[in-house]
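The values are calculated or read from the model by the stated rules, or taken from the named source; none is laboratory data. Not measured: the values here are computed from a predicted model. Positions of Cβ are backbone-derived with ideal geometry, glycine not excepted, and every protein chain shown enters the neighbour counts.
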Amino acid sequence: MQRFLALSRSTHGVLDIAMPGFAALLWLGRFPSWPVLALSLLAAVAGYTAIYALNDIMGVRDDAEKVAGGLTPGYAVEASALRYPIAQKIISMKGALAWFGFWMAVSIVCIWFLNPRILLILAAAVLLEIVYVRLFKVTWWRTFISGLVKSAGPVAAVYAVIEQPHWPWLLLMLAWLMLWEIGGQNILADWNDIEEDQRVGGRTIPLVFGLPLAGRAVVVLLAGVVALSLLLPMMSPLALGWPYAVAALAAGGVLLLWPALRLARTLDGRQAARLFDYSSLYPLAMLAVITVFVLA
């Protein structure tokens, strides 16, 4: 089982699920009914598990090239000796497809009972993930696709609890999510894999623009995350006020901005990995903040 959990980056996936939880509580202002909560949680777990597995299934050729040249020891939250399990032949392609198919089916069934329109979001996430993987050696612009894929879960969570969400607010949340994914996840993951990616001809932001510019981009993007987080109360029925602003600034400052500035100053790969780990905790911190207001 451990190898299949590695295929789906289970540790990272569990942390990611906090972001849909935050989005649902922010928009609804209370906990949903127990059936909706249970179905939403199962749909999120299944969806993230399937999409992360799809990444390795579609990227097996590029991953095999990386494995053939030797892997740099990983030091971020999603790195382990079981990275690229299909390429390392720890899992067969048939087994990986079965794993993906099972969890995708679970997600589809749950979504059908929640809100069938969310199936369109799931389908878009699958297609965008395939495009993202295919563009690995083509263009660095694929990082924006990564932002859309990671945003699919929280957007789906909004539609699970709100029948007709206000589009301008939804776009604002989407911008916030994309800035976090690109600046706090995608660029840093590519930073972690820079040696392997360079060897196989990958086109990532750290490789195309160099580490100094990548570091500055991370600071700017994460500063945007913190700034936009202060506007999120507009989409909530909760009276969040200044206590939310203080909590959001604290979470963003400690988990995003401070380590981002340190990375831009040092350009040290270990600092990139540390920021990746801190940024992975950001959804959990924001979920904790909104939960306090809901309970209060």
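Pick from VAL161, VAL133: which is of a type in the set (Val, Ile, Thr) and under 25 Å from LEU5 (Cα atoms)?
Answer to the check: VAL133.
Only one of (1) aliphatic (A, V, I, L, M); (2) more than 19 Å from ILE51 (Cβ to Cβ); (3) modelled with pLDDT of 90 or more fails for LEU71. Which number is that?
(3)
Mind checking which residues of region 207-234 are under 19 Å from the mean Cα position of the chain (by Cα) and either among the hydroxyl-bearing types (Ser, Thr, Tyr) or under 15 Å from VAL138 (Cα atoms) (or both)?
Scanning region 207-234 gives a single hit, SER229.
Could you check, for region 185-208, whether at least one of its residues is out of contact with any helix residue (DSSP H, G or I) (no Cβ under 9 Å at 6 or more places or on another chain), more than 21 Å from LEU54 (Cβ to Cβ) and without any contact (Cβ under 8 Å) to a residue 24 or more places away in the chain?
Within region 185-208, none of the residues are out of contact with any helix residue (DSSP H, G or I) (no Cβ under 9 Å at 6 or more places or on another chain), more than 21 Å from LEU54 (Cβ to Cβ) and without any contact (Cβ under 8 Å) to a residue 24 or more places away in the chain.
For the list (1) touching a helix residue (DSSP H, G or I) at 6+ places or on another chain (Cβ under 9 Å); (2) touching a residue at least 40 places away in the same chain (Cβ under 8 Å), I need the number of the one condition that VAL138 fails.
Of (1) touching a helix residue (DSSP H, G or I) at 6+ places or on another chain (Cβ under 9 Å); (2) touching a residue at least 40 places away in the same chain (Cβ under 8 Å), only one is false for VAL138: (1).
Among the candidates PHE22, PHE102, single out the residue that is in contact with a helix residue (DSSP H, G or I) (Cβ under 6 Å, 6 or more places away or on another chain) and either on the phi > 0 side of the Ramachandran plot or modelled with pLDDT of 95 or more (or both).
Just one listed residue meets the conditions, PHE22.
Does ARG270 meet the test of being surrounded by fewer than 21 Cβ atoms within 10 Å (Cβ to Cβ), touching a Phe, Trp or Tyr at 6+ places or on another chain (Cβ under 8 Å), touching a residue at least 12 places away in the same chain (Cβ under 8 Å) and more than 30 Å from VAL161 (Cβ to Cβ)?
The answer is yes for ARG270.
How many residues does region 90-116 hold that are crowded, with 20+ Cβ neighbours inside 10 Å and within 13 Å of LEU5 (Cβ to Cβ)?
Counting residues in region 90-116 that are crowded, with 20+ Cβ neighbours inside 10 Å and within 13 Å of LEU5 (Cβ to Cβ) gives 4.
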